[in-house]
1. How many residues, within segment B:137-164, are surrounded by fewer than 21 Cβ atoms within 10 Å (Cβ to Cβ) and either more than 24 Å from the chain's Cα centre (by Cα) or more than 16 Å from ligand 1 (Cβ to nearest atom) (or both)?
2. Out of all the residues in segment B:309-333, which are assigned to a helix (DSSP H, G or I) and either in contact with a Gly (Cβ under 6 Å, 6 or more places away or on another chain) or not hydrophobic (A, V, I, L, M, F, W, C) (or both)?
3. Can you confirm whether B:Thr171 is assigned by TED's automatic domain parsing to the domain that holds B:Asp391 and within 16 Å of ligand 1 (Cβ to nearest atom)?
4. Restricting to segment A:167-184, name every residue that is without any contact (Cβ under 8 Å) to a residue 60 or more places away in the chain and surrounded by 19 or more Cβ atoms within 10 Å (Cβ to Cβ).
5. Please indicate, with yes or no, whether at least one residue in segment B:125-142 is in the same structural domain as B:Ile96 (by TED's automatic domain parsing), within 16 Å of ligand 2 (Cβ to nearest atom) and within 11 Å of B:Ala88 (Cβ to Cβ).
6. Go through segment A:50-86 and give me each residue that's in contact with a helix residue (DSSP H, G or I) (Cβ under 6 Å, 6 or more places away or on another chain), within 12 Å of chain B (Cβ to nearest Cβ) and closer than 21 Å to A:Leu153 by Cα.
7. Give segment A:163-194 a look and list any residue that's modelled with pLDDT under 95, of a type in the set (Val, Ile, Thr) and either outside any helix (DSSP H, G or I) or farther than 19 Å from A:Tyr241 by Cβ (or both), or say none.
8. Evaluate the following for B:Phe370: is it within 16 Å of ligand 2 (Cβ to nearest atom), among the aromatic types (Phe, Trp, Tyr) and at pLDDT 95 or above?
Amino acid sequence: MSTSVAEHETRHEALPARPKELAMHFDTLHQQYSTGKLAMWLFLGQELLFFCGLFTAYAVYRGNHQEMFHYAHYFLDWRLGGLNTVVLLTSSLTAAWSVRCAQLEQRKGLLITLALTFLCAGAFMVVKYFEYSHKLHIGAVWGSNFGVATADLPPALLEKYPGMTGQQLQLMGMGTFFAIYFCMTGLHGIHVLVGMGLYAWLFVRALRGHFNRRYYGAVDNVALYWHIVDMIWIFLFPLLYLIG
Amino acid sequence: MAGGIVEKPASGEVIHPKVHYLNASKGLKSWLVTLDHKRIAIMYLVAVSVALLLGGFWAVLLRTELLGPRDMILSNDWYNRAFTLHGAVMVFLFIIPGIPASLGNFILPMQLGAKDLALPRVNLMSWYLYVIGLVFFLAVLFLGGLDTGWTLYPPYSSGRDIQWNLILSYTAVFILGFSSILTGLNFIATMHKLRPKGMSMYHMPLFLWALYATSLIQVLATPVVGLTLGLSLVEHMFKIGIFLPQYGGDPVMYQHFFWFYSHPAVYIMVLPAMGVQSEMIATFSRKHVFGYKAIGWSSIAIAAIGFLVWGHHMFVSGQSPTAGIIFSLLTFFVAIPSAIKVFNWVATLYKGSIDFKSPMIYALSFIYLFGIGGLTGLFLASIATNVHLHDTYFIIAHFHMVMVGSVLTAFLGGVHYWWPKMTGRMYNETLGRIAAVMVFIGFNVTFMPQFVAGTRGMPRRYANYLDEFTIFHQISTIGAYILGAAVVLQAGYLLHSLFKGKKAPPNPWGAASLEWQATSPPDFHNFTEKPIVMGAYDFENWELVSEDAGYRLKREVVETGKSLSKVH
Ligand code: HEM
Ligand SMILES: [Cu+2]
């Protein structure tokens, strides 16, 4: 069988320089890298649709129960949410920076930025922990389990609406708001945890010196994932905390 | 250059490879950790066949129970479990992953002349996720079964006291969804990045266009059902009040979410089947497929419009009448690209030199059965008739026409079509034809009476019925037995061929897509030489050597490395 001249050339070119990171079914590192990246973008598209369902539920219930959402926002502390927003934005910066470090083979910078991203994610989860435990403590939870004693209501709420009782809120269906709140932030939190796992993994690989100028796809793709997790929070924050 | 896989000795003697992907390494472990798409495809084929038999077992029980109007062999409770498990297993474990994950997995990289899918590890992972889903459903069976219907509507499902079978079912569908998403994104990445030089999108076989459209839906729709069932799981455990009315939730929202996936999912099922169909029709008419671009783009159109019609499952759910009218109109639109395909297949047959090999018999049944399935979809799409026909046997017959009549038929046809390539053996052609005709007859006998029973008011999901429906049910049950017998017959001769079948030549059918340039079964790396890239339907490049030796590339093609076709 006669193959064309061009084909011969590519075959011979690819053979001697075959780097160890190159999987057997790719011809070049660039092809491998761009394939991984395309797959990651598709995965992120999938992630967006995954969250879309919850955003739809949010929209439907908010449309039908304006007042419930209004009262509910008093339960959320915008300062804690704001703090978390800053923490996540910082981590996005360090994530992007880590990609740059990997591309430039700055080993120390790479390790630092990966570690910082991991720590920011951890800080986010700590704040989340305090928010959650307070709500669970006073009984600001989902469905018919919602039951907050009037004494535990947020002071700002009582100030604006004196005479409001926990029972009134319960009858208003506040449990549904918290069902949505916990599902959305919970699902997002799971993604943050996964992100922490990924950054730990990258850190170990970077320690072992796996990445170089031509092979840094993993750092790039995890950073993409991390930006999406961030972006979802950027929507969650105003929709949940800032709806006065 | 001498040698290579395509050049056969002039005598027409066929070279059978001694070492190929099946025996390149040995032992169970070499299969369980394999990254080879061909082996993963075979493992998928085995797994989905298990699911098919499991689902079929329930179907036979259901039909036997319906032989008479009163209780026959199943209690009412077990009847409910039987139809739920039948539906859930068939939909989530057989028909959705069926063609793409088994045939697609094997054939897609080969039709591109590539060595593997873009992400081999992800591919293996999707198989393991699938198997976990399968095991969960088996566990459900032993935990007392599930009786909610495959649609798992609340409040009947998640609103109950916490029970393992529901927890496992939700988790299983969630995991299976993930498996399906991974397959889809892997396919898209492969088609974009591993296509060889010289093969544009318009040179790809139509099977790949169909898989592309399928993958788009898998990636974009499946997460929504994942979320829905994930929420249902949380709802079931904590009663959070998103879908359950007694806690302030909205069950109609569940239906919206569920069908937002599950309608596109019917195209996840049927599009790959249409792809297989296009290959078989063209190959056995020995004619360039008619309307290539129309068929290719209609796949994409179906995928796109398919996202906008989910409300046709909810005409009587209390959704707003305006929404109903819009959904009805859009549903009519989706029939257009479906019809485009049918017309093009028929036009391909016209003046073709038709060869009634077993896969072709399936392909011809497909045209007929899909025609009826699609047209009855239109009855259901118009609101006034829908109100009368909703939840009757008419619906059952409609979707079995498309899901079994079309998808199962194409799956079986595809398995026969690529069997020589996958296993390196020929099955018994006479038995193959008999089985194909039995499937066609059995299928019609089963479902035609159900249309009639449905229009006369026989509701779905009942174990007992009025005496006047007896005759329809009895005929239908006989048909189901014929269908069952055909499947048993197939299993028999296909397995037999693995051991005793004649060795298959590289290209027994004279098909022109690239996988036929590889040996049967293919090498571990798929091709021992780079295949000559040519149009997928350039049949004029191949000439018949003999019945046993199949077809070989013409000398000129081998020498110039160029297709003889003028179509492109
Ligand atoms: C030509 C295009 C089609 C049209 C216009 C159409 C229309 C419809 C309509 C309006 C319904 C709702 C009936 C009701 O519940 O009241 C329906 C149900 C259904 N269709 Fe189709 N259909 C088409 C093709 C398909 C295909 C290709 C498949 C699968 C491969 C399919 C599978 C189903 C299933 C599974 C159901 C019922 C689900 C259930 O309630 O359990 N349809 N179809
Ligand atoms: Cu539908």
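The values are calculated or read from the model by the stated rules, or taken from the named source; none is laboratory data. The structure displayed is predicted, hence computed values, not measured ones. A quick note on method: Cβ atoms are made from the backbone with ideal geometry, for glycine too, and the neighbour counts reach across all protein chains shown.
1. Initial filter on segment B:137-164 (surrounded by fewer than 21 Cβ atoms within 10 Å (Cβ to Cβ)): B:138-139, B:141-145, B:147-151, B:153, B:155-156, B:159-164.
Of the ones still in play, those that are also either more than 24 Å from the chain's Cα centre (by Cα) or more than 16 Å from ligand 1 (Cβ to nearest atom) (or both) are B:138-139, B:141-145, B:147-148, B:153, B:155-156, B:159-164.
Summing the residues that are surrounded by fewer than 21 Cβ atoms within 10 Å (Cβ to Cβ) and either more than 24 Å from the chain's Cα centre (by Cα) or more than 16 Å from ligand 1 (Cβ to nearest atom) (or both) in segment B:137-164 gives 18.
2. Filtering segment B:309-333 down to residues assigned to a helix (DSSP H, G or I) leaves B:310-313, B:321-333.
Residues satisfying the conditions are B:Gly311, B:His312, B:His313, B:Pro321, B:Thr322, B:Ala323, B:Gly324, B:Phe327, B:Ser328, B:Thr331.
3. Details: assigned by TED's automatic domain parsing to the domain that holds B:Asp391: yes; within 16 Å of ligand 1 (Cβ to nearest atom): no.
For B:Thr171, the condition - assigned by TED's automatic domain parsing to the domain that holds B:Asp391 and within 16 Å of ligand 1 (Cβ to nearest atom) - is not met.
4. In the first step, residues of segment A:167-184 are kept if they are without any contact (Cβ under 8 Å) to a residue 60 or more places away in the chain; the result is A:167-168, A:170-171, A:175, A:179, A:182.
Within segment A:167-184, A:Gly175, A:Ala179, A:Phe182 qualify.
5. Within segment B:125-142 (the criterion being in the same structural domain as B:Ile96 (by TED's automatic domain parsing), within 16 Å of ligand 2 (Cβ to nearest atom) and within 11 Å of B:Ala88 (Cβ to Cβ)), the answer is no, since none of the residues qualifies.
6. Within segment A:50-86, just A:Met68 meets the criteria.
7. A:Thr165, the sole residue that qualifies.
8. Working: within 16 Å of ligand 2 (Cβ to nearest atom): yes; among the aromatic types (Phe, Trp, Tyr): yes; at pLDDT 95 or above: yes.
Against the criterion (within 16 Å of ligand 2 (Cβ to nearest atom), among the aromatic types (Phe, Trp, Tyr) and at pLDDT 95 or above), B:Phe370 qualifies.
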